[in-house]
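Chemist: I have a structure here, written as structure tokens, and I will follow up with some questions on it.
The values are calculated or read from the model by the stated rules, or taken from the named source; none is laboratory data. Since this is a predicted model, take the numbers as computed values, not measurements. In this analysis, Cβ positions are derived from the backbone assuming ideal geometry, glycine residues included, and neighbour counts consider all displayed protein chains. Areas reflect the complete protein model, heavy atoms only, side chains present, ligands, DNA and RNA absent. Shrake-Rupley method; radii C 1.70, N 1.55, O 1.52, S 1.80 Å.
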Amino acid sequence: RFCMDINGISDLAWKHTSKDTVLTCEEHSEVSKEDHFLSGDINSKVKVVTYSSLADPFSRRFDKTIRDLSESYRDRVAFIFRHNPLGFIFQKADLAANATECIAHMSSEENFFSYVYDLFKAQDQIAGFKITEESLLDIAQNRYGMDKNKFKTCLSQKKYASKIKSDLKSIEGTELET
């Protein structure tokens, strides 16, 4: 799912989005670097807020659009990631959302975006790939050098569930509310 403050890049946004993408121009609650994963300049006049489920094929497909926009407009646009796991549809979406938070807090914010990309890429390129605790642990250990036991503890404690719920709460009252 996608929500965007379009000021200044609406033509570009429509050109790069698929018909499955929802665009809306509405005011959002404050966006701060402390609350969300951010790429670009937080002080930019244009802020793109992406609500994404790491198990959703439409979110996976749209991730490339966000990456392309981010590379082209990083100096003029802030790109903010928020979780929308759609756990009622995708059984392991909450687990994957928690895994991205564990990566970010155990290593770096840059690794958050890389881990999101790796999860999407694995679902597209590895036949039969399923989001499981073991597959999330393998990527964390093999690509990011995470200590498997510490990462597993982070996952099992669901340490970041309240942050993920906070992201979901920010959807309430918008056209994206499901």
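Chemist: Can you check what the net charge comes to around S156, using other residues whose Cβ is under 15 Å from the Cβ of S156 (Lys, Arg +1; Asp, Glu -1)?
Modeler: That sum, taken over residues with Cβ under 15 Å, equals +1.
Chemist: Here is a follow-up. Would you mind getting the accessible area per residue of the range 101-157, heavy atoms of the protein chains only, 1.4 Å probe, in Å²?
Modeler: 53 Å²
Chemist: Greater than 32 Å separation of Cα atoms is the criterion. Which listed pairs, K64/K169; K45/K150; K130/K150; K45/K165; K45/K158; K45/K92, meet it?
Modeler: Over 32 Å Cα-Cα: K45/K150; K45/K158; K45/K92.
Chemist: Which percent of Cα pairs goes in each bin when the distances of the range 62-127 are cut into 5 angstrom slices starting at zero?
Modeler: Values per bin, smallest distances first: 3, 15, 22, 26, 20, 11, 3, 0.
Chemist: In Å², what does the accessible area per residue of the range 45-93 work out to with a 1.4 Å probe?
Modeler: About 47 Å² of surface per residue is accessible.
Chemist: Still on this structure, please answer the following. Given a 1.4 angstrom probe, I'd like the percentage of the accessible area of the range 99-169 that is carbon and sulfur, rounded to a whole number.
Modeler: C and S atoms contribute 47 percent here.
Chemist: I need the fraction of alpha carbon pairs in the range 94-136 separated by more than 16 Å, rounded to a whole percent.
Modeler: 32 percent
Chemist: What would the Debye formula give as log10 I(q)/I(0) at q = 0.20, 0.23 Å⁻¹ for the alpha-carbon point model of the range 36-154, no solvent?
Modeler: -1.12, -1.37
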